[in-house]
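Written below as structure tokens is the structure these notes are about.
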Amino acid sequence: MYRLKTLMQAVRPALVKERTTWRIGALGVPRRRYVAPLATEPFLNGTSTAYVEQMYDQWLEDPSSVHKSWDIFFRNAQDGAMPGTAYQTPQPITVPLSVSPEMPGTSRQVQAMPSITVDRQLIEDHLVVQNIIRSYQIRGHNIAQLDPLGISSVNLDVNIPTELTLQHYRLEKVLQNERHWLGEADLDRVFTLPQATYIGGNQQALPLKEIINRLESTYCRHIGVEFMFINDKHQCDWIRQKFETPDAMKFTKMDKRLILERLIRATRFEQFLARKWSSEKRFGLEGCEVLVPAMKCVIDHCSARGVESFIIGMPHRGRLNVLANVCRKPLEQLFCQFDPKLEAADEGSGDVKYHLGMSHERHNHITSKNVHLAVCANPSHLEAVDPVVQGKTRAEQFYKGDTDGKRVMSMLIHGDAAFSGQGIVYETFHLSDLPEYTVHGTIHIVVNNQIGFTTDPRLSRSSPYCTDVARVVNAPIFHVNADDPEAVMYVCQVASEWRAEFGKDVVIDLVCYRRYGHNELDEPMFTQPMMYRKVRDHPQVLQLYSRAKISEGVMTQQEFEEEEGDYDRICEEAYVNAKREKTILNRDWLDSPWRGFFKEVPLVYPSTGIDEESLTHIGKAFSALPPDFVVHGGLKRTLKSRGEMVKNRTVDWALGEAMAFGSLLKDGIHIRLSGQDVERGTFSHRHHVLHHQTKDKVTTKPLNNLYPNQAAYTVCNSSLSEFGVLGFELGFSMTNPNALVCWEAQFGDFSNTAQCIIDQFISSGQAKWIRQSGLVMLLPHGYEGMGPEHSSARLERFLQMCNDDADVIPKYEPEDFAIQQLQDCNWQVLNCSTPANYFHALRRQIALPFRKPLIMMTPKSLLRLPEARSSFDEMLPETTFQRMYLDDGPASEEPEKTKKLILCTGRVYYDIVKQRDERNLAKDIAISRIEQVCPFPSDLVKAETDKYPNAKLMWVQEEHKNMGAWSYVQPRWSTALNRERRFRYAGRPASSSTATGNKFTHQNELQNFLNAALSLD
């Protein structure tokens, strides 16, 4: 592009040589321009190079954005005006034939321009006005009247930005050592409006006073708009037009009446609960009742644009009101939750009422369409539900074929302190534009109490606004005073239109207050005396709005009182009906019902084997070189090795996994595998996505091309997040029971950064919320001398959260023991040691008539260990998952003579077997391995122990004594044996660190406990 350096040379006294340069013309077409030398124009003397360059760059972007005098000068200079004639009437200039772009082979004449006298002050003043407009667009929100109480600076800054004062522009502009500035005397002067604003409407020029008035009305009243950080001009212009256009915020009488009716319902609901259950915590919405009409406004406008399903996530404040008045959950079911005498008539321990979710379909009277509303159950870990909602939304979009998010959307409600303070918010935002995680825009509503429990914002965040985290993804942020319902509704309309237009996130910062403390039993005056003196005297938003609208004629006083009375009667009738209830149903609070899935079928342990033809077909396809595709040399060897295994009817870990996936895909089961490096596999073993070695972004997925009508296989590397991505995959798994959703940790150790999702949602979700999930967590685990952060997936933590009783042997029929155990457990914890058992475990997830999360300790060194391979024979029809592999060596042939029975789990089995065989102890020592650690196979363990009546018993593990499975196995093994036989432990001693990082120490520890394990003393 032509740069101004050439032009600055032209306007200096010395002439410059003629030159040709390139610039981008209209529509992005490169145009060759001839630039003739220019003499210095008299009016430019004393003007800085930087100033002229600024003007020229602005002119290049938009000629109409600069004063006409500059436009004429630049056009003449660009068109080849001779020296000294840029603003005089020049003679026609002949352009050399070699550089004329319009008519090759001919000459072109430059049109003469009339002489113009340039007014330096006029140019400077127009520039100042443009800067004023831009300053309001950038910083106007800083002085907006956002706090209903009028005491707080919502952005932690009480200072007025200097660029929003005329004095700022008086001090900065200096020309030719002569001060010039705008002042009160200029307020009546008329200025041409730049194209970067819409405040003029159809007017092209306005007095300065009117310009400032309109800017203040747009940006400094009850709405503060943050958007100028967005790096897309079209999006910025779109927002400017929505807020700057005169009279943009218009509401009809019916619109205002609807707002008032919705406010009545939101307010009277809280007042009803306060009357009936004054001593109960309910985390009411008082101080932000406008949230209910705001959410309904979003639903109305998005429904009108085609959205059919809304997935909602929110903390506890206002949840009951949202369930009642946004989702229209029957009030009887809500009021039943306040009765402490009612017991649940179905399974589950339940949860407090303000954590519960729901799923409901209702008719939207505004759009005359049916909409589905789901509120996800959420623990007190506030923002933890965010990625779960996004995953559930993505799943619904996927199964409905909604590739652009026009039919299903998510809405997240946040608290201000949590929004700025909890990192999961940032992690969730960073999923918003990733191809396999985007939900095509989320509407975020922050209920900004301006307080976090008892913590002042100045002590709870470093950013000016609680919403600043949203800036990282260029989400516009609309701050709005919650005491102005019409401003709130307009912001909600714009947010809905933004999502429909751009498919991107948007944030509504609803600045409000809590009328009571953190809950209704809290005393806020302890820590916020000044605020709560104001709150005590501050009228409710319903009072403020109803007075204004009654005086405006929107509703009469009588109509207003009738509306209040009608809703009170609805609540009273529901209250009476609720008192007749004898029990409550936890199923009424399901946020993800699987209609048609739960059927009365006999519980039979499933056979999960498949025919050899399918195994061979999948194996060959998975190991074949794609046609016309350049594969990495090392990968060619891997594929060839896989092909050899298929010929030999054996599988390693990667091949076993592929066969499980491929067979499920053949049966129409969608599979989603997600994690930081899952496409290749952290240990370079999987390679489910092949990359062309000479063409960028060209890939192929062999498992998506197995059968003509197979289900889709989604395998996607994720962001470097565990908390957010695991929550997302959990949400995805909740939508459809007939899908296999897997999340793999880069190393099992790293799952601890997602502990909140594991604790609050996965392990206890069914008990609290009757929510089943078949989510699979793949956690690489194994002690190979890789140090304390790459060894242990903390098996002991998952086992500690298992719900089976260590002192009780379940009273099941022998043939039903395995399936009944699975049905009654909260999740499965497996530590498989063979590819065949891994194959069966994955297929069992779908074959079971119910869904349980699967925690899988996956190997590292076993991925390539020749001994850790399986035969096709272990995967054929009639084969199934083995809860426990029993010893089948010489010791098992004469069990009475066996001196020791070792039980273990996982990869350590291969270490023990190798050492036993080297020491010729195969006849003396039997080794059995538990594959399903939880639920504990006590029936098999007892039978195997009884088989060796004279053998010493020992549990061997590679983890430290205070870790691994020992603390879980010990009491259950003892119970299975009725405490009649003792057994010992062999493994690493107790430690605070999961593993050593020293190779020598690692080998020493391994040898020590192997010696102890194989000792016959």
Within the bounds of region 302-310, is there any residue that is at pLDDT 85 or above, in contact with a strand residue (DSSP E or B) (Cβ under 7 Å, 6 or more places away or on another chain), part of a loop (DSSP other than H, G, I, E, B) and surrounded by fewer than 21 Cβ atoms within 10 Å (Cβ to Cβ)? yes
Cβ-Cβ under 7 Å, sequence separation 6+ or interchain: first residue in region 520-534 and more than 12 Å from D456 (Cα to Cα), partner of a type in the set (A, V, I, L, M, F, W, C) and modelled with pLDDT under 85. Which pairs? Y532/M525
Cβ pairs under 7 Å, 6+ apart or interchain, first in region 757-770 and assigned by TED's automatic domain parsing to the domain that holds V388, second assigned to a helix (DSSP H, G or I), ordered by first then second residue, are none
Might you let me know whether region 126-141 holds any residue that is within 39 Å of the chain's Cα centre (by Cα), assigned to a loop (DSSP other than H, G, I, E, B) and at pLDDT 90 or above? no
Determine whether region 381-395 contains at least one residue that is surrounded by fewer than 16 Cβ atoms within 10 Å (Cβ to Cβ) and either out of contact with any Pro (no Cβ under 8 Å at 6 or more places or on another chain) or at pLDDT 90 or above (or both). no
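Let's see how each residue does on (1) touching a Leu at 6+ places or on another chain (Cβ under 9 Å); (2) among the aromatic types (F, W, Y):
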| site | (1), (2) |
| --- | --- |
| S460 | no, no |
| V480 | yes, no |
| Y490 | no, yes |
| A495 | no, no |
| E501 | no, no |
| C512 | yes, no |
Looking at this structure, is Y426 within 16 Å of the chain's Cα centre (by Cα), surrounded by 22 or more Cβ atoms within 10 Å (Cβ to Cβ) and not polar (S, T, N, Q)? no
Being at pLDDT below 85 and of a type in the set (F, W, Y) narrows it down to one residue among Y198, Y169, Y219; which is it? Y169
Quick check: anything in region 894-915 touching a His at 6+ places or on another chain (Cβ under 8 Å), under 28 Å from V604 (Cβ atoms) and touching a residue at least 60 places away in the same chain (Cβ under 8 Å)? no
Restricting to region 429-461, give me the number of residues that are of a type outside the set (G, A, S), surrounded by fewer than 18 Cβ atoms within 10 Å (Cβ to Cβ) and over 25 Å from V725 (Cβ atoms). 6
If you check T694 against the conditions, is it part of a loop (DSSP other than H, G, I, E, B) and of a type in the set (V, I, T)? yes
Could you please find all residues in region 233-249 being in a loop (DSSP other than H, G, I, E, B), under 34 Å from the mean Cα position of the chain (by Cα) and either farther than 19 Å from I477 by Cβ or at pLDDT 95 or above (or both)? T245
Select from region 855-883 the residues that are of a type in the set (S, T, N, Q) and under 14 Å from N837 (Cα atoms) and list them in ascending order. T858, S870, S871, T879, T880, Q882
Name the residue, out of R499, R514, that is of a type in the set (K, R), over 24 Å from I160 (Cβ atoms) and in a loop (DSSP other than H, G, I, E, B). R514
When only residues in region 346-375 that are touching a helix residue (DSSP H, G or I) at 6+ places or on another chain (Cβ under 8 Å) and of a type in the set (A, V, I, L, M) count, which is modelled with the lowest pLDDT? L356
Mind listing whichever residues of region 764-793 are at pLDDT 95 or above and within 24 Å of V385 (Cβ to Cβ)? G774, L775, V776, M777, L778, L779
Could you grab me the full set of residues in region 195-209 that are closer than 27 Å to V480 by Cβ and surrounded by 17 or more Cβ atoms within 10 Å (Cβ to Cβ)? T197, Y198, I199, G200, L206
Quick one: would you say E878 is outside any loop (DSSP other than H, G, I, E, B), within 28 Å of V646 (Cβ to Cβ) and touching a residue at least 12 places away in the same chain (Cβ under 8 Å)? no
Could you run through region 618-658 and say how many residues are under 38 Å from the mean Cα position of the chain (by Cα), part of a helix (DSSP H, G or I) and touching a residue at least 12 places away in the same chain (Cβ under 8 Å)? 16
Helices (runs of 4 or more DSSP H) wholly inside region 733-847 containing at least 1 residues that are within 27 Å of V375 (Cα to Cα): 765-769, 817-824, 835-847
What single numbered condition from (1) surrounded by fewer than 24 Cβ atoms within 10 Å (Cβ to Cβ); (2) in a helix (DSSP H, G or I) fails to hold for P464? (2)
For the structure I just gave you, tell me whether R533 is part of a loop (DSSP other than H, G, I, E, B) and either more than 24 Å from G415 (Cβ to Cβ) or at pLDDT below 95 (or both). no
Those residues of region 904-961 which are within 48 Å of the chain's Cα centre (by Cα) and of a type in the set (K, R) amount to R907, K914, R929, K942, K961
Looking at (1) more than 30 Å from E427 (Cβ to Cβ); (2) at pLDDT 95 or above; (3) not in a loop (DSSP other than H, G, I, E, B), which is the one condition that is false for F661? (1)
Meets criteria (surrounded by fewer than 17 Cβ atoms within 10 Å (Cβ to Cβ), more than 25 Å from A144 (Cα to Cα) and under 35 Å from the mean Cα position of the chain (by Cα)) for E501: yes
If you go through region 205-213 one residue at a time, do you hit one that is in contact with a strand residue (DSSP E or B) (Cβ under 7 Å, 6 or more places away or on another chain), within 23 Å of A475 (Cα to Cα), not assigned by TED's automatic domain parsing to the domain that holds V494 and not hydrophobic (A, V, I, L, M, F, W, C)? no
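The values are calculated or read from the model by the stated rules, or taken from the named source; none is laboratory data. Everything numeric here is computed off the predicted structure, so don't read it as measured data. Here Cβ is always computed from backbone atoms with ideal geometry, including for glycine, and neighbour counts include all displayed protein chains.
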